1. Give the number of residues within the stretch 69-85 that are under 20 Å from the mean Cα position of the chain (by Cα), of a type outside the set (Asp, Glu) and over 16 Å from residue 104 (Cα atoms).
2. Got at least one residue in the stretch 77-88 being in contact (Cβ under 8 Å) with a residue 12 or more places away in the chain and not polar (S, T, N, Q)?
3. Determine if the stretch 67-84 includes at least one residue that is among the hydrophobic types (A, V, I, L, M, F, W, C), assigned to a loop (DSSP other than H, G, I, E, B) and modelled with pLDDT of 95 or more.
4. In the stretch 60-110, which residues are open to solvent by 30 Å² or more (accessible area, probe 1.4 Å), under 17 Å from residue 42 (Cα atoms), in contact with a helix residue (DSSP H, G or I) (Cβ under 9 Å, 6 or more places away or on another chain) and not charged (D, E, K, R)?
5. Could you list, in sequence order, all residues of the stretch 46-55 that are in a strand (DSSP E or B) and among the small types (Gly, Ala, Ser)?
6. Quick check on my filter: what residues within the stretch 19-35 are in a helix (DSSP H, G or I) and either more than 14 Å from the chain's Cα centre (by Cα) or under 18 Å from residue 69 (Cα atoms) (or both)?
7. Just checking, which of 43, 15 is surrounded by 16 or more Cβ atoms within 10 Å (Cβ to Cβ) and assigned to a helix (DSSP H, G or I)?
8. Suppose we filter 31, 4 for residues that are open to solvent by less than 40 Å² (accessible area, probe 1.4 Å) and either of a type in the set (Ser, Thr, Tyr) or in contact (Cβ under 8 Å) with a residue 12 or more places away in the chain (or both); which single one remains?
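The values are calculated or read from the model by the stated rules, or taken from the named source; none is laboratory data. None of these values were measured; they are calculated from a predicted model. Quick reminder, even Gly has a Cβ in these numbers, built from the backbone with ideal geometry, and neighbours come from all protein chains shown. Each accessible area value is taken on the protein alone, full model and side chains, heavy atoms only, with ligands, DNA and RNA left out. Shrake-Rupley method; radii C 1.70, N 1.55, O 1.52, S 1.80 Å.
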Amino acid sequence: MKIVCWIPKTYGGTGLYRIRMPHELLDCEVVFTDSTLYPDLLGDILFVSKAYFMAVMPELSRLKKAGVKTIIDYDDYWSLPQDHILYPMYRKNGTTKILIDALREFDYVT
């Protein structure tokens with residue numbers, strides 16, 4: 001089994017603790033990539049964080065047609081309460097809709 005983990009060159013806690021560290025412990029082929037090219041994303045599973053998912057969205061349907069199971073890791077809420085510090089930015093950018101649409105596109109959510 002080949003698991004492709006999409007992670008940018010520069011990443012923070014989400015990338016380290018929820019992608020890199022757990023996947024390094026698996027007893028299967030795990031590839032970490034920051035490439036958005038279709039061939040580099042091919043595997044049995046594509047794993048991406050909510051923080052980075054937009055990078056792979058252009059190839060997602062093509063990957064799924066090739067049989068790649070797609071997983072998005074959500075480490076936070078997708079709909080924020082009005083008193084949340086990021087609420088105005090989410091509202092301005094339509095972030096909640098973008099995140100909910102992504103939930104529908106991926107095969108699995110962790």
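1. Summing the residues that are under 20 Å from the mean Cα position of the chain (by Cα), of a type outside the set (Asp, Glu) and over 16 Å from residue 104 (Cα atoms) in the stretch 69-85 gives 1.
2. Yes, that holds for at least one residue.
3. Yes, the stretch 67-84 contains at least one residue that is among the hydrophobic types (A, V, I, L, M, F, W, C), assigned to a loop (DSSP other than H, G, I, E, B) and modelled with pLDDT of 95 or more.
4. Residues satisfying the conditions are 61, 66.
5. Listed by number, the list holds a single entry, 49.
6. Result: 19, 21, 22, 23, 24.
7. Values: 43 fails: assigned to a helix (DSSP H, G or I).
15 is the lone residue from the list that is surrounded by 16 or more Cβ atoms within 10 Å (Cβ to Cβ) and assigned to a helix (DSSP H, G or I).
8. 4
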